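Below is one structure, written out as C-alpha cells; comments come after it.
The values are calculated or read from the model by the stated rules, or taken from the named source; none is laboratory data. Just so it is clear, the model here is predicted, and its values are computed rather than measured. Note that we place each Cβ from the backbone using ideal geometry, even for glycine, and neighbour counts take in every protein chain shown. With ligands, DNA and RNA removed, areas are computed over all heavy atoms of the protein, side chains included. Shrake-Rupley method; radii C 1.70, N 1.55, O 1.52, S 1.80 Å.
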Amino acid sequence: MKSFLPNDIKDENRKIIFDIVMQNPELAKVEIAEKTAMSFVTVSKIVNFFEEIGLLTATGESREGAGGLGRKRTVYRFNENSYVTAGIQIIGNRITALLTNLYSKIIDSYSIETDIPFYSEQFISIFEDIISRMKEVAKKTNSVVLGIGIGVDGAINTRKKTIRMRIQDNKEQDYNYEPIIENLINRVDLPIFLENDVNASTVAEFRNLENSGKALADLVHIAVGDGIGGGLIINKELHRGFNASAGELEYMCFDPEYRRSPSSVGWLESKLGIQHLLSSYDLSSESDIEACADYVGKHLALAMINIISVLDIDQIIISGKTVALFPERILERTRYYVGQYVEWTPTITYSDSHHSTAVGAAVLSLQDEMIKVISG
C-alpha cells in the first residue's frame, strides 16, 4: 500500500481546492469546506495561501450564514489572469503565438512568417522578440508568465531526444532538441515545454469539448495535410507512448506488398498527403471532387476503425489541409465507410480551428508549471 507524507496530502488538498475555485469563481471559505469535506481550518490555510500568491482576492463582499444566522462569510474571487502561459505553434513558415490565462482564454495573439527554421540559431532572436511582446502584454494585465509551450510540426522521440523535421525537397532530418530548447530557455528565462503540433492541438480540442459541457474521457484526433498524424487522449491524459510516437499514423499500412524506403513516406501518408491528392485529382471538376472526397473518406475510415477497434474510443475529430478541401463531403464519406466497415457508430466531427496547436501547447505548459505554483 502506498504511504502518503504530510506534504503529499497538503499538495493534493491544494489541487482539489484549485479545481473547485476554477469551477466556482466566487466562494466563501465555508462553502469550499462544504464542497470538499475538508475542515474549515485546512480550507482557511489554503485559501490564505492562494490569496498570498494572487490566485484569489477577497472581494469585500460577504454573505449571510445558513438561514441568515451566524457570522458573515467573506467571498473570494478567482483571478483567472493571475498566471498565464505563452503557446507558440510553428507550422511551415508561419509562427503563431498566443498568451492564454488559467481558463485557456486568449489574452493576446501574434503571427509572423519566416523561412528561418525552428532548429536554426537565427530562430533564437525571433523567439526572444515574441516572448518579449508576450511579457509586455502580461504586465498590463498584472499577470505572471509561468512558461512557454511550443508545438512544432515534427515527430518527437523522447527516448532519443530527437525531433524529426522536414527540410528541403520534402526530406526529413533528425535534430537533438535538448540543446535547442536549452538555448531558448537561457535567452527568455522561462521553462519551455516542447510537443508535436498534433498532440498539442488534440489537448486544445479536448479542452474545448470539456468547456462546452461534454463529459469526455477519451478522444482521437486525426490531422491530415502535408502529412498525417494523430493525437490520443485516454482517461483525460495525453497518451504519448514509449518513444512519444503514439499517433504517427503515416506508417499505418493496409497493403502487405508495400515496402518503405529511407526516402519515402509511410503508406497512409502516401495515400492521404495533400500533394498526392492535388496531383491525382482535378479539383475544378465536380466528378473529381466527389471521387477525391470518397477516396479520402475511405482511407480515413480505415485508419479510424483500426484505432477504435483496439481502444474503443467514441469521439473522433478530423482536421487539416486535406479535410479542409471539402470538409462536409469528406466527413459524410468517412462516416459512411466507418458504418460499412464496423457495427460501431462513433461520433466523428470536423475542426477548423487555426490556433489549436498554440492553445494546446499553452495548456500543456500551464499543467506543468501550475502544479509547482500551488505546491509552493
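Listing for the model above:
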{"quantity": "For the chain, share of DSSP beta bridges that run antiparallel, in % to the nearest 5", "calculated": "65 percent"}
{"quantity": "Given the chain, longest segment not containing exposed loop trypsin sites (Lys or Arg not before Pro) (DSSP; at most 16 other Cβ within 10 Å)", "calculated": "261-376"}
{"quantity": "Over segment 49-193: Rg over Rh, Cα atoms, Kirkwood Rh", "calculated": "1.17"}
{"quantity": "Among 234, 112, 148: highest mean-square fluctuation, GNM of the chain, C-alpha pairs under 10 Å", "calculated": "112"}
{"quantity": "Distance cut-off 18 Å, percentage of C-alpha pairs in segment 67-124 lying past it", "calculated": "56 percent"}
{"quantity": "Radius 15 Å from Cβ of residue 344, net charge of other residues (Lys, Arg +1; Asp, Glu -1)", "calculated": "-3"}
{"quantity": "Selected from 266, 371, 99, residue furthest toward positive end of dipole (the chain; charges at beta carbon)", "calculated": "371"}
{"quantity": "Listed residues 18, 242, 40 arranged by accessible area, highest first, probe 1.4 Å", "calculated": "242, 40, 18"}
{"quantity": "Residue among 37, 111, 227 farthest towards the positive dipole end of the chain, charges placed on Cβ", "calculated": "37"}
{"quantity": "With DNA, RNA and ligands ignored, accessible area of residue 279 (1.4 Å probe; Å², nearest 10)", "calculated": "100 Å²"}
{"quantity": "Sequence of 141, 96 from largest to smallest accessible area, 1.4 Å probe", "calculated": "141, 96"}
{"quantity": "Length released on extending from residue 235 to residue 12, taking residue separation times 0.36 nm less the Cα-Cα span", "calculated": "78.4 nm"}
{"quantity": "Rg ratio (alpha-carbon, reference 2.2 N^0.38 Å) - segment 17-122", "calculated": "1.57"}
{"quantity": "Formal net charge of residues neighbouring residue 76 (Cβ-Cβ distance under 9 Å; K, R +1; D, E -1)", "calculated": "0"}
{"quantity": "Local net charge near residue 206, Cβ-Cβ under 12 Å (Lys/Arg +1, Asp/Glu -1)", "calculated": "-1"}
{"quantity": "Restricting segment 217-263 to GluC sites (Glu not before Pro) in coil, as DSSP defines it, with at most 10 other Cβ within 10 Å", "calculated": "257"}
{"quantity": "Nearest-20 debye value, the chain charge dipole, Cβ charges on Lys, Arg, Asp, Glu", "calculated": "1340 debye"}
{"quantity": "Accessible-area ranking of 299, 221, 276, 354, largest first, probe 1.4 Å", "calculated": "354, 276, 299, 221"}
{"quantity": "Cα-centre dipole for segment 231-354 with unit charges at Cβ (Lys and Arg positive, Asp and Glu negative), debye to 20", "calculated": "340 debye"}
{"quantity": "Residue-averaged 222 nm ellipticity for the chain, from DSSP H runs of 4+ at -39500 (n - 2.57), nearest 500", "calculated": "-14000 deg cm²/dmol"}
{"quantity": "Alpha-carbon centroid distance for the pair segment 16-42 / segment 305-359, whole angstrom", "calculated": "39 Å"}
{"quantity": "Accessible surface of residue 331 - all protein chains present, 1.4 Å probe, nearest 10 Å²", "calculated": "10 Å²"}
